[in-house]
Amino acid sequence: MPKDDKDAFPRVGDVLLVRGAGKKSSTIVGAQKVLYQRARSSHVALCLGGGAFIHSTAASGVHIEFFPAILSESQSNWTVLRLKALDGAGREKLFSAANYFLEQGYNRGFMLPENATSSFCSEFAAKAYRQAGFEIISGKKPSQVFPADFDREADGSEEWLDVTDEYRSWLGRFEADTTLGIAEFKFLKSQIEHLKARARGGEIMLRDAEKDFPSAGMKKAVTEIRDELEKHRKMRFWDEKRE
């Protein structure tokens, strides 16, 4: 879990805006010009701290990736925004909210009603903020939020702070000594994956017990175990009961 510290950096909830290096990204940017003439970003990712970003791509759905790895496939004119209203408690909520969507598929139904199993990049970011209790992009529905909406916020909103220079400084320190940055990323990623695997495995075990021993006593015992586990729950995931 990230440090709940106002000085912790990279900071949970920061929004990375990038433009991919390929023709597909140029097409995405061009298509968004009808929404915002100064559109320049084709992709959005959310910071989880420790150099880890969570985002949704066509190839992998919602997954966690190292900051420098995302930049290696992007043009150099990237931007990072920070919501000014996001305090320590808000960052904790957003950390859990973003990871709730881990391993969702990629939603190719742009502008269609949102669904519970897939998200495209900016839709995922908007869903995570909404689930954490924050209204962004003037309250637009997540399925109607695009990278260009964040470009507009970067160009004129007083709700967001441009922290790109802070991230460029972090990259400079990382490039000077990659060991610590990579280790911190891997540790955070493994923590989150462990929590998800444990939640999935525990639910499967309980359901198997109910199925193999369909008695009133077993049902009561399983309910009590679920209630106890729920008291100590650190994080929930969208697919826990979809096995």
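Observations on the model:
- The range 72-88 - phi-based ³J(HN,Hα) in whole Hz, Karplus 6.51/-1.76/1.60, Gly and Pro as x: 5, 10, 10, 6, 7, 8, 8, 9, 10, 10, 10, 6, 4, 7, 7, 9, x
- Here the Karplus curve 6.51 cos²θ - 1.76 cosθ + 1.60, taken at θ = phi - 60°, turns the phi angles of the range 35-45 into couplings of 8, 8, 4, 9, 4, 8, 9, 10, 8, 10, 9 Hz, with x standing for Gly and Pro.
- Pairs spanning more than 31 Å between alpha-carbon atoms, out of Lys141/Lys186; Lys84/Lys234; Lys140/Lys234; Lys23/Lys127: Lys141/Lys186.
- Contour minus Cα-Cα distance for Arg236 and Glu166 (0.36 nm per residue): 22.1 nm
- Database remark: amide H of Phe237 closer than 5 angstrom to no amide H (H placed geometrically; neighbours at sequence offset of 5 or more, or on other chains; Pro and chain starts carry no H).
- The 3J(HN,Hα) values that the Karplus relation (6.51, -1.76, 1.60; θ = phi - 60°) gives for the range 137-145 are, in residue order, 6, 6, x, 4, 4, x, 5, 10, 9 Hz. Gly and Pro appear as x.
- Pair-distance distribution of the range 7-91: all C-alpha pairs, bin width 5 Å, starting at 0; shares per bin in whole percent are 3, 14, 22, 23, 18, 12, 6, 1, 0.
Every number here is computed from the coordinates shown, using simple stated rules; none is lab data. Keep in mind it's a predicted model, so treat the numbers as computed, not measured.
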